[in-house]
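Below is one structure, written out as structure tokens, with a few remarks after it.
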Amino acid sequence: MADPSSYRPKPGQIPDSPGVYRFRDDHRRVIYVGKAKSLRQRLANYFQDLAGLHPRTRTLVTTAASVEWTVVSTEVEALQLEYSWIKEYDPRFNVKYRDDKSYPFLAVTLNEEFPRVQVMRGAKKKGVRYFGPYGHAWAIRETVDLMLRVFPVRTCSAGVFKNAARTGRPCLLGYIGKCSAPCVGRVTPEEHRELAEEFCDFMAGRTGTYIRRLEKRMTDAAEEMEYEKAGRLRDDIGALRRAMEKNAVVLADATDADLIAVAEDELEAAVQIFHVRGGRVRGQRGWVTDKVEAVETAGLVEHALQQLYGEESGDAVPKEVLVPALPEDTEAVTQWLSERRGSQVSLRIPQRGDKKDLMATVGRNAQQSLVLHKTKRASDLTTRSRALEEIAEALGLDSAPLRIECFDISHLQGEDVVASMVVFEDGLARKGEYRRFQIKTFEGQDDVRSMHEVIGRRFRRYLHEKERTGEWPEQPEQSEQQDQSETPGPLDQPGREDDGRPKRFAYPPQLVVVDGGQPQVAAAKRALDELGIDDVAVCGLAKRLEEVWVPGESDPVVLPRSSEGLYLLQRVRDEAHRFAITYQRAKRAKRVRSSPLDDVPGLGESRKQSLIKHFGSVKKLRQATIDQICEVPGVGRKTAESVVVAFAKAAPAAPAVNTATGEIMEDDGGSTHD
């Protein structure tokens, strides 16, 4: 591990101008490339107290052995040079997006004498017009099959073309009218190229003009009583419309834009791009990357722009690029994109309307892509086995933790405090084993105390089950007996069947994971110690830096960023958080909807609705007398008295607030003043 002070440049040595810098390791390999408006200010950020640096930045500067820089005249040049060096050196500490698959493009080889329409993958070639990328190659073939009726462009390979030219006989497509057969001279090279260019214009989004032209020709043919020609033109128009319908209209006609969305967590990021041409989604692609450097969303967007447009030019760079966050050097990036396109490019965040709605859709695709990527990693048996082994090794366990239980606390400003327990066995979720808890022993916000209570209750149930089934011969301690004397909640009470089989909490985990850092871990360990349980390991996963904390240690266990064990712990923690917050929201919603009428014995939902309908609101019902309530059909005097008593016991409710608008809502829908 290198000391950054050993290679820190001398004061005044670094120029205060735009440039690109490279960190090299002791083998002279480039491990990081960055750019800056001011090299002096940017590099000074790396040479600070190591304790104050982001963990990833700290790893970078301690791995590096030297730093060098190149001064450029503008920020745009810095952006271009940074991209070139990242492509050249492939530095290990730079974010590099990787395609989760090789996307197919619809390509037209305009660099040939007789242009060909085909599916292409891989690196783009000069002189070839590309459309897409598409999700599947069959989607391209379906589109091409529809359009060949109107634009009979060559689709055959070079070998088939030469063989047809030699024999003087076209292929099947030539006979059925889906190829103009330039191989046998039915059209001249110029006429065939014109067909190919019309095909490209239509695919580029200039559809309305061409269809209107065909419709006029169809009308003219019908007026001249050339009905067969009019029928063919009608079928051509239908084929083009079906091809267009395969790409839904999402924005106004003539809108050319790329929409980029990012979904990220502490370890990885997923990027999704929708290509909109002529108001229609013409292609989609996505990348996933490890977050090997300390980078925010804006930085991820900038890296995505570099990778997406670094090798493009002309119309391949759209007029408009919509992003979730603007890069730090927005002006420089916009100028760079404009230079690549050859005209002005707008780089912005959509604020309203259809573009904002479509951006939300792209964002959902990015989030789903990230979840799918993680799920694929988690579902593989070999990967799961390696993850469990890595966890056991990192925590010093005797064997792999085949059963992991994770606990999380959830509340809203100290109210409706609940906890969740999720279970993973062999690295997979066992949703039938999930449990939910309500915090009983105190009120208010105290995550540490809540964690202690929940862990204690869970393992007291475990000891109770072992005693009940005869697996635990000793009598429980006093603290256990006290817990048994409490009335268990409906969601965490032990099994009531007496068939001798273990119920609910009878299976102990090998590892307990808590959502939190040192305080939560210490609370969980203390709860286990109080019950005399010493064969269950405990650790915590802190969200901020994804650090793994173990009891009694002042420093966390840092798993490698590519560790499958860390991915599994993160997935377990995220699932516990999701389960807890879902329960907490449901509990809060039930409390908000509660009414004093719920406590009236014998008053069912039907008669509740009759009472509210008769008086018009709960507020007016609260003000009614017993005799007035008795006037409601089906409500006797005894029930009316119970209703009045229930309202008398209930404290005046605070006005309800519409959380979407902030509007105060009264029961009767009227003014907030009496």
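The values are calculated or read from the model by the stated rules, or taken from the named source; none is laboratory data. Model, not experiment: these values are computed from the prediction. FYI the Cβ positions are ideal-geometry reconstructions off the backbone, even for glycines, and counts take in every protein chain you see. SASA here: full protein model, heavy atoms, side chains in, ligands and nucleic acids out. Shrake-Rupley method; radii C 1.70, N 1.55, O 1.52, S 1.80 Å.
Some values worked out for this structure:
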quantity: Selected residue (criterion: modelled with the highest pLDDT) from residues of segment 25-40 that are among the basic types (K, R) and closer than 16 Å to K87 by Cα; calculated: K35
quantity: Search result, residues across segment 180-200 that are open to solvent by 20 Å² or more (accessible area, probe 1.4 Å) and over 41 Å from the mean Cα position of the chain (by Cα); calculated: C183, V184, G185, R186, V187, T188, P189, E190, E191, R193, E194, L195
quantity: Given (1) under 30 Å from V276 (Cβ atoms); (2) touching a helix residue (DSSP H, G or I) at 6+ places or on another chain (Cβ under 8 Å); (3) surrounded by 18 or more Cβ atoms within 10 Å (Cβ to Cβ), number of the condition A221 does not satisfy; calculated: (1)
quantity: Among (1) buried (at least 20 other Cβ atoms within 10 Å of the Cβ); (2) modelled with pLDDT under 85; (3) not hydrophobic (A, V, I, L, M, F, W, C), the one test that D145 misses; calculated: (1)
quantity: Qualifying residue in segment 572-586 (condition: modelled with pLDDT under 80, among the polar types (S, T, N, Q) and either outside any loop (DSSP other than H, G, I, E, B) or open to solvent by 70 Å² or more (accessible area, probe 1.4 Å) (or both)); calculated: yes
quantity: Leading residue by the ranking (farthest from the chain's Cα centre (by Cα)) among those in segment 561-587 that are farther than 13 Å from A429 by Cβ and of a type in the set (A, V, I, L, M); calculated: A586
quantity: Selection from segment 15-29 of residues that are under 12 Å from T70 (Cβ atoms) and surrounded by 19 or more Cβ atoms within 10 Å (Cβ to Cβ); calculated: P18, G19, V20, Y21, R22
quantity: Matching option when the condition is surrounded by fewer than 20 Cβ atoms within 10 Å (Cβ to Cβ), under 21 Å from the mean Cα position of the chain (by Cα) and not in a loop (DSSP other than H, G, I, E, B), among Q351, Q284; calculated: Q284
quantity: Matching residues, segment 49-76, being within 21 Å of V30 (Cα to Cα), more than 33 Å from the chain's Cα centre (by Cα) and open to solvent by 60 Å² or more (accessible area, probe 1.4 Å); calculated: W69, V71
quantity: Hey, R449 more than 17 Å from C406 (Cβ to Cβ) and either at pLDDT below 85 or surrounded by fewer than 20 Cβ atoms within 10 Å (Cβ to Cβ) (or both) or not; calculated: yes
quantity: Any hit, segment 354-367, residues being open to solvent by less than 20 Å² (accessible area, probe 1.4 Å), part of a helix (DSSP H, G or I) and farther than 23 Å from V95 by Cα; calculated: yes
quantity: Segment 259-317: number of residues that are touching a Ser or Thr at 6+ places or on another chain (Cβ under 9 Å), within 23 Å of T334 (Cα to Cα) and basic (K, R); calculated: 1
quantity: Matching residues, segment 122-137, being surrounded by fewer than 21 Cβ atoms within 10 Å (Cβ to Cβ) and at pLDDT 80 or above; calculated: K125, K126, G127, V128, Y130
quantity: Members of segment 303-329 that are open to solvent by 20 Å² or more (accessible area, probe 1.4 Å) and of a type outside the set (A, V, I, L, M); calculated: H303, Q307, E311, E312, S313, G314, D315, K319, E320, P324, E328
quantity: Members of segment 287-312 that are in a strand (DSSP E or B) and in contact with a His (Cβ under 6 Å, 6 or more places away or on another chain); calculated: V288
quantity: Unmet requirement for P152, which otherwise passes all of (1) farther than 14 Å from C200 by Cβ; (2) surrounded by 19 or more Cβ atoms within 10 Å (Cβ to Cβ); (3) at pLDDT below 80; calculated: (3)
quantity: Which numbered condition A165 misses (of (1) open to solvent by less than 50 Å² (accessible area, probe 1.4 Å); (2) in a helix (DSSP H, G or I); (3) not β-branched (V, I, T)); calculated: (1)
quantity: Flag if V117 is in contact (Cβ under 8 Å) with a residue 12 or more places away in the chain, aliphatic (A, V, I, L, M) and surrounded by 20 or more Cβ atoms within 10 Å (Cβ to Cβ); calculated: yes
quantity: Pair list, Cβ under 6 Å, 6 or more apart: segment 143-164 residue of a type in the set (G, A, S), other residue part of a helix (DSSP H, G or I); calculated: A164/C183
quantity: Of all residues making up segment 394-440, the number that are under 22 Å from Y567 (Cα atoms), outside any loop (DSSP other than H, G, I, E, B) and over 29 Å from the mean Cα position of the chain (by Cα); calculated: 1
quantity: Options P560, P551: the member that is open to solvent by 20 Å² or more (accessible area, probe 1.4 Å) and without any contact (Cβ under 8 Å) to a residue 24 or more places away in the chain; calculated: P560
quantity: Enumeration of residues in segment 218-241 that are farther than 21 Å from M203 by Cα, in a helix (DSSP H, G or I) and not basic (K, R); calculated: M218, T219, D220, A221, A222, E223, Y227, E228, A230, G231
quantity: Pairs where the first residue, in segment 528-548, is under 18 Å from L568 (Cα atoms) and the second is crowded, with 19+ Cβ neighbours inside 10 Å and basic (K, R), C-beta under 6 Å, 6+ apart; calculated: V538/K525; L541/R573
quantity: Close pairs (9 angstrom Cβ cut-off, 6 or more residues apart or separate chains): free of Cβ contacts under 8 Å to residues at least 60 places away in the same chain in segment 214-231, of a type in the set (V, I, T) and surrounded by fewer than 14 Cβ atoms within 10 Å (Cβ to Cβ) anywhere; calculated: A230/T219
quantity: Residue satisfying all of: in segment 631-662; under 19 Å from S617 (Cβ atoms), modelled with pLDDT of 75 or more and outside any helix (DSSP H, G or I); most open to solvent (accessible area, probe 1.4 Å) among these; calculated: E631
quantity: Flag for R340 being in a helix (DSSP H, G or I), among the charged types (D, E, K, R), closer than 26 Å to Y567 by Cα and at pLDDT 80 or above; calculated: no
